[in-house]
1. Once the convex hull of the C-alpha atoms of the protein assembly as shown is built, how many Å³ does it hold per residue, rounded to a whole number?
2. Can you give the alpha-carbon Rg of segment B:270-310 over 2.2 N^0.38 Å, where N counts its residues?
3. Two-decimal Rg/Rh of segment B:40-80 from alpha-carbon positions, Kirkwood Rh?
4. How far is helix B:243-258 tilted, in degrees, relative to the longest principal axis of the Cα atoms in chain B, given as a value from 0 to 90 rounded to the nearest 10?
5. Would you compute, from DSSP H runs of 4+ residues alone, the mean residue ellipticity of chain B at 222 nm, taking -39500 (n - 2.57) per run and dividing by the full residue count, rounded to the nearest 500?
6. In Å³ and rounded to a whole number, note down the convex hull volume per residue for the Cα atoms of chain B.
7. Take B:183, B:173, B:228, A:89 and order them by how many other Cβ atoms sit within 10 Å, fewest up front.
8. For segment B:72-197, would you read off the P(r) tail past 21 Å as a percentage of all alpha carbon pairs?
Amino acid sequence: MELAIAIAVNVVLGIVLLGMFVLLRSRDTARLASSDDALRLFRQRFPDAVGVATVATDGQCALLALKDGIGLLHRHGRRWNSRKLVPGELSGVAVTGGDTITLALADFGWPRAHIRMDDPDARSAWLARLGAFAAASGQAHPAVTRHA
Amino acid sequence: MPDAALLRAVTVAQLLLLLLIPIEMLLASRSRIRAEYDARDTLANVGVSVGSIFFWGTLSWILLGVVALAYQHRRWDVPFVWWTFLIAFVAEDLRYYWWHRISHRSRWFWASHVVHHSSQHFNLSTNLRQSWTSQFSGLILMNVPLAYLGFSPALTGLAFSLNLLYQFWIHTEAVGRLPRWFEWLLNTPSHHRVHHASNARYLDANYAGVFMIWDRAFGSFVPEQDEEPARYGLVRDLDTFNPLRIALHEYVGIARDQLQPRLSWAERLGYLFGPPGWRPDGLGHTTAALRAADSARRERQTVERAASAA
């Protein structure tokens with residue numbers, strides 16, 4: 001009896017969840033409109049942040065040149081994830097696909113970031129800045145504990 | 001009391017409660033209630049749930065073995081009657097409070113429990129996002145005292161199942177504040193929103209399972225403030241929907257910390273059992289540090305506002 005109910009509930013739940021997945025998936029159209037928009041969203045996590053944001057071509061990501069370091073903003077589902085890069089966290093910087101800066105992060109929970117930048121000048125400037133940050137970090141050990 | 005039948009009834013009730021998830025989802029999609037679902041987040045919850053059910057199913061013998069062993073050596077024989085059930089329910093809720101509190105305050109245990117807090121959404125499907133490693137974090141030993149006193153596994157099992165059953169409905173934004181007496185005595189969606197928030201002032205608060213009195217008695221109660229909506233998730237954002245990464249990321253963080261060269265044993269233990277965010281240099285983002293920084297920022301803002309008004 002219980003097994004039958006368990007199976008029935010899970011089948012119904014599975015079907016409904018799949019249906020809702022299709023329904024909800026098509027609604028996520030948020031994009032960063034401007035540098036100010038990116039900074040405003042970044043400040044929701046880091047209220048004291050001061051700096052200038054460079055928004056990725058697809059509006060899904062931004063790099064922030066902060067007064068005290070480098071910030072990263074990324075669309076994650078319906079939320080915006082923010083990160084201030086800490087020394088030792090940036091384990092690699094590369095250009096992929098000709099126009100995308102790919103960051104490798106020493107964090108199992110946020111292992112990579114892809115920032116598409118069509119503007120070659122902005123891309124070069126950011127590559128230099130990120131490269132310098134990674135080099136300056138040296139062998140520093142990043143703190144990546146999360147809690148709530 | 002027919003304990004087996006009762007346990008089965010609770011199990012069936014738990015399964016039926018799952019049907020509330022699509023109902024909340026549907027009402028949310030039509031803006032009928034305050035709730036937000038993200039397709040990938042919900043799918044990740046289901047994925048994590050599959051893993052947690054698998055590990056629970058394959059490893060629950062550890063918990064059952066520990067409890068059975070303690071019960072074999074029990075001091076008394078506590079009968080399964082209504083009033084012993086009430087005692088077991090309250091005692092089990094107290095055990096849950098301390099289990100939960102330790103799970104948040106020490107990193108080794110947090111590495112297991114963090115899974116449940118990793119979603120940036122707060123809805124009924126958040127219930128599905130449960131730990132994969134609860135059987136070997138060590139906290140199952142907290143089940144020993146009641147068994148040793150003579151409360152049968154069936155009695156405590158029923159009490160714990162009902163406790164979890166109660167906690168299902170509090171994972172929602174759809175319910176606002178309830179009558180004051182209710183909010184004072186029992187855990188509610190409002191209290192649990194605070195618990196799942198990553199705002200500095202809400203960190204490490206409201207550990208209760210059913211009775212809010214434990215938080216009030218042990219100083220961990222924080223009320224929900226209208227001017228500060230909860231921001232769900234972790235202090236440091238998790239940028240993945242991959243169930244494996246969600247379930248294991250903190251263990252990888254611990255391993256990376258432990259692999260640093262030239263650490264003393266005290267530092268290794270600090271990284272393992274210290275509060276989440278602990279660092280040997282004292283500069284880690286622990287709850288205490290985050291709260292201090294948040295208070296300083298609020299004071300600064302107050303001074304700036306006063307200065308600009310003058």
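Values in this text are rule-based calculations from the coordinates and carry no lab data. Predicted, not measured: the structure shown is a model, and the values here were computed from it. Here the Cβ is made from the backbone with ideal geometry for all residues, glycine too, and neighbour counts use every protein chain on show.
1. Residue-normalised Cα hull volume stands at 178 Å³.
2. For segment B:270-310, the normalised Cα radius of gyration is 1.68.
3. 1.31
4. Compared with the principal axis, the helix lies near 70 degrees.
5. For chain B, the value works out to -19000 deg cm²/dmol.
6. Numbers: hull volume 53.6 nm³, N = 310.
Roughly 173 Å³ of hull volume per residue.
7. The most exposed by this proxy come first: B:228, B:183, B:173, A:89.
8. Values: 3738 of 7875 pairs.
In whole percent, the share of Cα-Cα pairs in segment B:72-197 beyond 21 Å is 47.
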